[in-house]
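First the structure, in the form of structure tokens, and then the observations on it.
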Amino acid sequence: MKEKTILSNKYYLYLTEFFAGMSVMAVELGASRLLAPYFSSSQIVWTIIIGTIMIAMALGNIYGGRSADKNPNPDVLYRRIIIAAIWIAAIPVLGKYIILGISALLIFSVSSNFLIWAAFIACMVIFVFPLFLLGTVTPSLAKYTVQSLEDSGKIVGTLGASNTIGSIIGTFMPTFVTIPAVGTSVTFLIFSGILLVLACLYFINTKARKKTMAVAAALFVGCCVLGASDSFAFWEKDLTYEGESVYNYLQVKETPSQIMLSTNVLFGVQSILNKEPGMTGMYYDYAMAAPFMAGIADRENLDMLILGMGSGTYATQCEQYFDNTAIEGVEIDEKITDLSREYFKLPEDVAVTTYDGRAYLNAVDKKYDVIMVDAYQDITIPFQMSSVEFFTMVRDHLNEDGVMVVNMNMRGTGEGNINQYLADTISNVFDNVYTADVRGTTNRELFASQSDQMLDTFASNINTYETGNMAANAPTGGQDLVTMMQTVSGDMVEYVPGKYLMTDDKAPVELLGMQVIDELIKDEVGYYKDIYEKEGVQGLLDQI
């Protein structure tokens, strides 16, 4: 029979298994990058991605085995592969619209666990069907290749090895090659194209399904034309930069007065630089209290370390107002550092090491006067930088009267919220802990030190800074900084520790962060939700 020509050589079947396994893993990693700009890349999102894909593969295995027993015609399998390939190619075209549509609907209908529901439904709608189809490959190929019980073990083992080797390559290639080089959208198209070529080779050899191949090729070309864009915030027309790195979706946006960096489409801005020198109106202003607490006005030189340098706004601001700081930064994403130099005016004398913040502390012995922990990005908090072990390392890298300042960017409410966990954990390490809520934002700054003189030093150094010559070259003569420090002083509250503790073994930061997201959504959409409940969709459209 014609269909046996190419299949008479089992190596083609092993190649089919290989590329199917490779594509499954590539789509899984692509899924994480497609969802991350909207829902973060937390463990919760990864759990949802892995769980839904395993569901799809399991159902595909069951269906594929039964289908192959009933109809052992390879045409059926390779037709499924074509359908899966076109679906995957369509993900860059439609995926972001589906995610936003699902999010918009759930915001008005789900009162809790928004992140879980939105990510889960998006995964089910976008990824389950094509991976279900790819899940039928293994049992179908086993049916086509096993001719007798004598060699069944060898053949099934070889099929499994082919799938595993393909999966390994499909794991590494998107992360280290295609996504950094050409982006998530083109990555989907590349692996879709591989599957399409694989199936078309079969049908060309069997001289069948010519119309199917023509339609598939046309659809694939259309998806390449429409889906090659790497824009996740497709509604934004005037972005200065939009792209991806190994770790993040990255967006730079400018207004007449500010430059903003965002690593998440839906949940706010991570860094802002005012084009005019001076106070930013953000948490950086409050964090400026740390150098005063460490006695900057009494020192010839003050050593600072910033864990989570980001766009470098805090370092830039410190250099504007102080002429006796030596600032180092650690940033895990080298692309963010490049953007900070290009768009955010990060001074060249501020050295930035591309490394994980905790790993950096493990690698160096130097002690600092101020350590700024600003690694809690949008709704993602790295557990390894939230535990008692981590904060102990920070304490050990501070001088005797040194100060740690932590930007807690989500102000949780209720018993056992994320900030309570963080503050209680820090209080288990430091003797003196104070917090200040940043006015007009959801940020809270925490200051910690082993020095009992921290607040006295703060007050005296503000006075020295105002009356001395330190502020001579600072914007507005430093008076805006002095006014801000007086505000911080009035907002400062001594933290009374409670019972919550995070360790390397147990740090439920993902679930705690999700609770805050639910609160933020309730606050932001409460007004519109009331209109929707009273007047329906038309009332909401009229209001918008």
Looking at the range 282-321, which of the residues that are among the acidic types (D, E) and out of contact with any helix residue (DSSP H, G or I) (no Cβ under 9 Å at 6 or more places or on another chain) is surrounded by the most Cβ atoms within 10 Å (Cβ to Cβ)?
-> D303
Residue count, the range 473-510, condition among the aliphatic types (A, V, I, L, M) and part of a strand (DSSP E or B), comes to 1
Residue list for the range 357-366, filter: surrounded by fewer than 18 Cβ atoms within 10 Å (Cβ to Cβ), in contact (Cβ under 8 Å) with a residue 12 or more places away in the chain and within 23 Å of the chain's Cα centre (by Cα) | none
Out of all the residues in the range 261-299, which are in a loop (DSSP other than H, G, I, E, B), farther than 14 Å from M484 by Cα and at pLDDT below 90?
-> T263, N264, V265, L266, F267, G268, V269, Q270, K275, E276, P277, R299
For the range 300-310, state whether one or more residues are part of a loop (DSSP other than H, G, I, E, B), assigned by TED's automatic domain parsing to the domain that holds V406 and under 30 Å from A104 (Cα atoms).
-> yes
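Can you say whether V438 is outside the structural domain of L115 (by TED's automatic domain parsing), at pLDDT 95 or above, touching a Phe, Trp or Tyr at 6+ places or on another chain (Cβ under 9 Å) and over 24 Å from N248 (Cα atoms), as far as the supplied structure shows?
Criteria not met by V438.
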State whether one or more residues within the range 147-162 are under 30 Å from G513 (Cβ atoms) and assigned by TED's automatic domain parsing to the domain that holds A68.
-> no
Only one of these is assigned by TED's automatic domain parsing to the domain that holds N473 and more than 21 Å from the chain's Cα centre (by Cα): D338, D323, D333. Name it.
-> D323
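Yes or no, residue by residue, for (1) of a type in the set (G, A, S); (2) at negative phi; (3) surrounded by fewer than 19 Cβ atoms within 10 Å (Cβ to Cβ):
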{"site": "P180", "(1), (2), (3)": "no, yes, yes"}
{"site": "F191", "(1), (2), (3)": "no, yes, no"}
{"site": "I204", "(1), (2), (3)": "no, yes, yes"}
{"site": "G222", "(1), (2), (3)": "yes, yes, yes"}
{"site": "A228", "(1), (2), (3)": "yes, yes, yes"}
{"site": "E236", "(1), (2), (3)": "no, yes, yes"}
{"site": "V246", "(1), (2), (3)": "no, yes, yes"}
Assess whether T240 counts as being of a type in the set (S, T, N, Q) and out of contact with any strand residue (DSSP E or B) (no Cβ under 9 Å at 6 or more places or on another chain).
-> no
Some residue of the range 342-363 being part of a strand (DSSP E or B) and acidic (D, E) = no
Picking from T171, T184, which residue would you name as being surrounded by 14 or more Cβ atoms within 10 Å (Cβ to Cβ), in contact with a Lys or Arg (Cβ under 8 Å, 6 or more places away or on another chain) and in contact (Cβ under 8 Å) with a residue 12 or more places away in the chain?
-> T184
From L198, L115, L106, grab the single residue that is part of a helix (DSSP H, G or I), without any contact (Cβ under 8 Å) to a residue 60 or more places away in the chain and surrounded by 17 or more Cβ atoms within 10 Å (Cβ to Cβ).
-> L106
Tell me, yes or no, whether the range 459-473 has at least one residue that is under 19 Å from M293 (Cβ atoms), at pLDDT below 90, hydroxyl-bearing (S, T, Y) and surrounded by fewer than 17 Cβ atoms within 10 Å (Cβ to Cβ).
-> yes
Go over the candidates L189, L219 one by one and state the one that is assigned to a helix (DSSP H, G or I) and closer than 18 Å to V24 by Cβ.
-> L189
Any chance V433 is at pLDDT below 90 and among the hydrophobic types (A, V, I, L, M, F, W, C) | no
So G157 clears everything in (1) under 23 Å from P139 (Cβ atoms); (2) free of Cβ contacts under 8 Å to residues at least 12 places away in the same chain; (3) within 28 Å of the chain's Cα centre (by Cα) except one condition, right? Which one?
-> (3)
Give the range 465-483 a look and list any residue that's more than 15 Å from P277 (Cα to Cα) and not β-branched (V, I, T), or say none.
-> Y465, E466, G468, N469, M470
Failed item in (1) free of Cβ contacts under 8 Å to residues at least 24 places away in the same chain; (2) under 30 Å from N73 (Cβ atoms); (3) buried (at least 17 other Cβ atoms within 10 Å of the Cβ); (4) of a type in the set (A, V, I, L, M, F, W, C), with I121 passing the rest | (2)
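The values are calculated or read from the model by the stated rules, or taken from the named source; none is laboratory data. Because the structure is predicted, anything quoted here is derived from the model rather than measured. Please note: Cβ atoms are built from the backbone with ideal geometry, for glycine as well, and neighbour counts cover all protein chains shown.
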